[in-house]
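Input: a single structure, listed below in structure tokens.
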Amino acid sequence: MRLSATLTAGLLATSGLLATSAPRALAADEPAPPFDQVANCVSFGRAIEPVANGVSPGQRLVGQTQLWELSRGAGVTVAIIDTGVTPGPAFQGRLVAGGDLVEPGSPSPGLADCDGHGTLVAGLIGGAPDTTSGFAGVAPDVRLLSIRHNSMAFAPKGTRTPGVGGVASLAQAIDLAVSQRADIINISSAYCGPALTANDARLTAAIERAVAADVLVVVAAGNLGSSQTCTTQNTPGRAPVTGAIPATIPAALTVGAVDAQGQPAEFSLAGPWVDLAAPGAKIISTNPHPTQSGQVGTIVGTQGDVEIQGTSFAAPYVTGVAALVRSRFPHLDARHVMARLMETADHPAGAGEQSIFVGHGIVNARRALTAVLSSEAGLTGSPGSPGSPGATEAAGSAPTRAAALPAGDEAAPSVGGEAFALVGSGLLLAVLVAAVLARSMRRRAALARAGSTDNVVASG
């Protein structure tokens, strides 16, 4: 995929791939406001390739509507750090203006989305059920806090080069979300660079502050492209050559993408930092147009309607499931929610085996909400503890997802040509938490030795 500035307003669409992107190097002296709008807002088409009951493959795979009797995300605030979110009936008064780093002083900070990307993300996380089409976000009762951080429709004042927002402003946006008591932060942007130099101390510190404040930070793994350093896929068994921030930051929960068949998506950047995978292809979500309703599945580019896909849209599925978990089990802190999502995922073959393509596996919403994990015994408010939801379920239960999978998709997916079976939850939470901490120390040391870089390219 080629990064292109010809597509307006913060979205990149070539070869069927759509992502937030800044086709320029981000320097240490990242431009600060004021910014001017220099491009028209992006155009979207209606959902193409209609599916049964208007439900996308990703929605079928996650199966959220079957779980709403357990949790709908009530009481949880999700901060969406993105291109803004367009208000509309899909968010039913649950959308809150959180801040605007593109147009500071805006009367509705964060509630303008010229790029469309942030609204698509918000729809996947918390879009209200549409009785006409069958579309629904994962957590329709969640509170959405929108912080506009980047846009391809704007440029530094006095210039005509579109693209604002980088790692420094992203760190600022994270702190802003934490100050407004977000429970989860979704970041569907990734800045690519050489693997061990894809690091930024400001961004790392901001995410670590968030997690210390009990905020779960979910980030996209990044997309492969043909521009600059986002060109080369990482290979199993070899040292990674391509990295992306914040995906490589240990404290974040990094999400790669699978296609409609549950296979690793060819555009999803692999790496040992990938923690989970979720649907990222054939995306249908809330229409970002300020005067239109319903859903869209394409962006209108120079070559016509192009499907919406990318790790940008895998991350919100995981964010939505995390919101369901935090609502159902409010006493679990961010680190334990992160570990629960990994432990209850549909793992690659071999308990504890981590794939560079899907991490610990594809997110399993049902199991995340119902599994009683012996390793959580003794945690206040943990599933299975007296008086908590799920206390009557069998310890170590691993509910099946058969009802959520499309017919004929029961066969084990293949990862990078290597077959793997979907196996039950076999990891201990304590092992996962310890592994997360150990990984954090190793990766931080390696990145410190390599030094940081500001020359990265966004590819969400």
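Values in this text are rule-based calculations from the coordinates and carry no lab data. What you are looking at is a predicted structure, and each value in this text was computed from that prediction instead of being measured. Every residue, glycine as well, gets a Cβ built from its backbone with ideal geometry; the counts of neighbours run over all protein chains shown.
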Considering the dipole of the stretch 266-353 built from charges on the beta carbon (Lys and Arg +1, Asp and Glu -1) around the Cα centre, which of Gly271, Thr286, Ser312 is farthest to its positive end?
Thr286
Which order, highest average first, do 234-241, 58-65 follow once you tally other Cβ atoms within 10 Å for each residue and take the mean per peptide?
58-65, 234-241
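Relative contact order of the stretch 45-132: what whole-number percent is it, with Cα pairs under 8 angstrom and at least 6 residues apart?
Working: 67 pairs, mean separation 26.8, N = 88.
Reported relative contact order: 30 percent.
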Among beta bridges that DSSP assigns inside the stretch 184-335, antiparallel share in %, nearest 5:
50 percent
Taking square-rooted eigenvalues a ≥ b ≥ c of the alpha carbon gyration tensor, is the stretch 234-339 rounded, prolate or oblate, where a/c under 1.5 means rounded and, failing that, a/b exceeding b/c means prolate?
oblate
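Give, in nm to one decimal, the length gained when the segment between Asp333 and Arg209 is fully stretched (0.36 nm per residue of separation minus the Cα-Cα distance). Working shown, then result.
Working: separation 124, 0.36 × 124 = 44.64 nm, distance 1.42 nm.
Extra length available between Asp333 and Arg209 comes to 43.2 nm.
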Under a Cβ-Cβ cut-off of 10 Å, what is the net charge of the residues other than Ala79 that fall near it, where Lys and Arg count +1 and Asp and Glu count -1?
0
Label points 7 Å out from Cα along the Cβ direction at Arg160 and Asp175: separation in nm?
3.6 nm
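To the nearest 0.05, what FRET efficiency results for Arg238 and Gln92 with a Förster distance of 41 Å applied to their C-beta separation?
Details: r = 48 Å, r/R0 = 1.17.
Approximately 0.30, to the nearest 0.05.
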Starting from the amide H of Leu373, placed 1.01 Å from N in the peptide plane, find each other amide H under 5 Å away whose residue is 5 or more places distant or on another chain.
Gly396
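Among 76-89, 191-204, 169-182, how do they line up from the highest to the lowest mean number of other beta-carbon atoms within 10 Å? Walk me through the intermediate numbers first.
Details: 76-89: 27.2, 191-204: 22.7, 169-182: 21.0.
Per-residue mean Cβ counts within 10 Å order the peptides as 76-89, 191-204, 169-182.
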Total charge dipole magnitude, the stretch 94-229, about the Cα centre, Cβ charges on Lys, Arg, Asp, Glu only, Debye to nearest 20
240 debye
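Evaluated at 37 °C with a viscosity of 0.692 mPa s, what Stokes-Einstein diffusion coefficient in µm²/s does the stretch 164-280 have when Rh comes from the Kirkwood expression over alpha-carbon pairs? Before the final figure, lay out each step's value.
Working: Rh = 14.4 Å.
Estimated via Stokes-Einstein, D reaches 227 µm²/s.
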So who's got an amide H within less than 5 Å of the one on Gly99, skipping anything under 5 residues away but keeping other chains? H placed 1.01 Å off N, in plane.
Gly110, Arg148
